[in-house]
Every structure is written in structure tokens, then in C-alpha cells.
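Read the structure below first, then the notes.
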Amino acid sequence: FTQLGRDAVGFHGRVKDPLIFRDSLLALFDVVSSDYRYVPKDRAAYTVFMQMRRASRHKNLFSAQRDYFTWLFDNDPLAFCLLDPIIQVHQAGVSFEVFSRDEGCYAQLTLQHDLFETVSTPVLGTTSIDYSSALFDGIEQIRDHQITTLDIGQEAIRLERSNVSEPKDNSETEMDSAVNEDSKQEVIEKRINVPKSWIRALLQVQSAGQLAQERIDLDPIALYNVLFELRMHADIKGKRRGLLIELIPQQLPVIILEPFDITVTSQVSRQQTPYQGQKAKLIRLWGRRRLSLLKRLLPHTDTVSVSLLGQGMPSYWTLTGKGFHFTFAMTGFSQA
């Protein structure tokens, strides 16, 4: 904030692998839009809605909409807001940091420079954007045969898609460039402000990553098996909903799903290493349903590592693949 004379942040690059770029940003949107808070049944909002409906029965459409949005602004101004990504251009690549609406999970996506074909030198810095549903729709339409470019500036981020590939011959350059001008589609999102409580909680999650932790390595198929079992077995009211991780020295970690006692053992592979600790431990984690937010990235993941802070503490799940590095922090508590 005090470096007022610094250059504006800037990055311009063509995406080499649009599918990895698309799925990683969609996984980021799943995290930032997730809300696992318990919502009890309450007819108060429905009663107010019926009263407003009766009161606006004889009004025109414009007046009824104006009254609704006035009431929404006074009672629930963040109803349609997502508290949005921090974008940082640094030496290793471009990083996106997000925090969920219920303040229960955090994610950091780093897209390495190998994933982009850059023409100009990036200008290092930090900015933020509005990760809205319009930007989500634009990212969702990215395809492998399209040309996808990413522009990051001080005030906005722009995503361009083109249905025409690059020209192969010099004779076709002028014609293809004319077609590109007509077929480009742009999605632009500008910066917004975020509440102080959101920033405070985000900094707490970041600082928790510096605490002493136990690190284990998993095979991607082990994480897939956990997500599969969670999808096939619904939670039982009044029963335990923990995720037990059994650590025995010089043995592969074992994941146990309560209360079904379903055991998932990581497969033996080159990336797999036994637990290197000195004592056996049994660590219970909560908020296991949040792991389903990682399902989009599993097809592109090569290695999975988990950092455990202790019993009931946050856990950090890191997925690494070709050109990306995705860190997901999970906790069982919301707005705590």
C-alpha cells in the first residue's frame, strides 16, 4: 500500500492447455461459492415474501422490482455476492487465492509460467477481481480447439476466446485475423471491495499453514476412492462424520470413514512414500464433504500431499499436475 510509485500489475499470455486452465478455475469457483452452513427451516422469509407479493399486486413490474431490491439491500446485501479471488503475478507464475462464503475452506491455485506462452515480460504485483457467474459461464465455455488468452491488469481481468486457430501460412494471415476480430468473445470483471472480517479470516487460514504439521503423500486414486465412498454413503444423523487418518511409521497411511468403518488404503506407486514419523498417530478430521470440491482437478492430478495440523485442526490438501499447483485448506467449522 505504501509503494505508490510501483508499476501496475500486468500479465498477458496464451494458454497452452485450455482444459487444465478451465478445470482448475472451475474448481476455484466451486470453493469460493461453497456454503456448508446449516440452514434451519424458517418461514419468516416466506411470510415476508407473501406480504410483499400482496403489497405489490397492483404495481407495475418496475416498481415491484425496485421494492424487492431495496428490501434485499437493507436486509441481506451479500445475498448474491461472492468474496472473491486475490490474483498475484510472481516469479513462479500466476496465483489465485479464494475463501469460501461460509469461511470454512480456502484454496490457492498457482498456474506456472510453463502453462502460458507469453510475449511480453509480466509485471509482478497483486490485484483482485469479481468472480461472478458471468465469468464462470465464460470459463465453462473454454474448449481445447479454441485460442484462450489471459490478460491481468491493475483494474480488471479479461478472458478472450476465439473459435479460429492460428494461421499456418503467411498468405492466410490477413483473412484469419479478420475472422478473429469477428469471432472473439470477451468477459471482463472489475475489482470490488471485501469486508474486513473476510480479510481477517483469510489471514488466519494463511498463517495456520506455518504451524507444525504432519505431511503424508497419497495417490490420486486414493482421493478418488474417498470421494466415491462419500458419494455412495450419505451421512447418518446422530452418527460420527469424521475422517480418520491412521499413521503408522514406515507404513502407508490408511483413511477410515466414520461411522461405516470403510477403509481406503493408498496404492503403491512411485509417488507414494510411507509415513516418516516416529510414533503412530490417529488423527480425526471434520468437514469431509468439502473434499468433493476437488473432483474437477482429479483427472489432471499427478500427486496428492496432505498436511495435518492435528486433531480437529485444519488440513491442507495439495494437488499437483502439469502446469498447476492447487492447495486446498479444509476445516469442519464455518465462520469460526
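The values are calculated or read from the model by the stated rules, or taken from the named source; none is laboratory data. Since the model is a prediction, treat every value here as computed from it, not as a measurement. Don't worry about glycine lacking a Cβ; one is built from the backbone with ideal geometry, like all the others, and counts go over all protein chains shown. The area values use the complete protein model at the heavy-atom level, side chains included, leaving out ligands, DNA and RNA. Shrake-Rupley method; radii C 1.70, N 1.55, O 1.52, S 1.80 Å.
Nearest 0.05, what FRET efficiency do Leu61 and Thr118 give at R0 = 45 Å with Cβ-Cβ as r?
For R0 = 45 Å, the calculated efficiency reads 0.40.
Could you state how much accessible area His233 has, in square angstrom rounded to the nearest 10, with a 1.4 Å probe and all protein chains kept in place?
60
From largest accessible area down, sort Phe99, Phe29; use a 1.4 Å probe on the protein chains.
Putting Phe99, Phe29 in descending order of accessible area: Phe29, Phe99.
Report the Cα centroid-to-centroid distance between the range 25-46 and the range 113-156 in angstrom, as an integer.
Using only Cα atoms, the two centres lie 26 Å from each other.
Considering amide H positions built from the backbone, and no H for Pro or chain starts, which residues 5 or more places from Leu218, or on another chain, come under 5 Å of its amide H?
Amide H to amide H, under 5 Å and 5 or more residues apart or across chains, Leu218 pairs with Val304, Ser305, Val306.
Work through the residues other than Pro314 whose Cβ is under 12 Å from its Cβ and net out their charges, Lys, Arg +1 and Asp, Glu -1.
Once positives and negatives cancel, what remains is 0.
Net charge near Leu115, counting Lys/Arg +1 and Asp/Glu -1 over other residues with Cβ under 13 Å of its Cβ?
0
How many nm is it between the label spots at Asp235 and Met52, if each spot is 7 Å from the Cα in line with the beta carbon?
2.9
What does the charge count around Ser56 come to, taking other residues whose C-beta lies under 13 Å from its C-beta (Lys +1, Arg +1, Asp -1, Glu -1)?
+4
Using each residue's phi in the range 297-311, evaluate 6.51 cos²θ - 1.76 cosθ + 1.60 at θ = phi - 60° and report the 3J(HN,Hα) Karplus result to the nearest Hz, with x for Gly and Pro.
8, 4, x, 9, 8, 9, 9, 10, 10, 10, 10, 10, 8, x, 5
Once the whole set of protein chains is in place, how much accessible area is left on Arg215, using a 1.4 Å probe, in Å² to the nearest 10?
Arg215 has an accessible surface of roughly 140 Å² with all protein chains in place.
How much of Ser197 can a 1.4 Å solvent probe reach, expressed as accessible area in Å² and rounded to 10?
In the full protein context, Ser197 sits at about 70 Å².
Rank-order 116-127, 38-49, 322-333, 250-261 by packing density, defined as the average count of other C-beta atoms within 10 Å over each peptide's residues, highest first.
322-333, 250-261, 116-127, 38-49
Going down the list Lys239/Lys281; Lys41/Lys237; Lys41/Lys239; Lys41/Lys281; Lys196/Lys322, which pairs span over 28 Å between their C-alpha atoms?
Lys41/Lys281; Lys196/Lys322
Search the structure for amide H atoms under 5 Å from the amide H of Gly153, placed 1.01 Å from N in the peptide plane, and list their residues when 5 or more places away or on another chain.
Hits under the 5 Å cutoff: Arg158.
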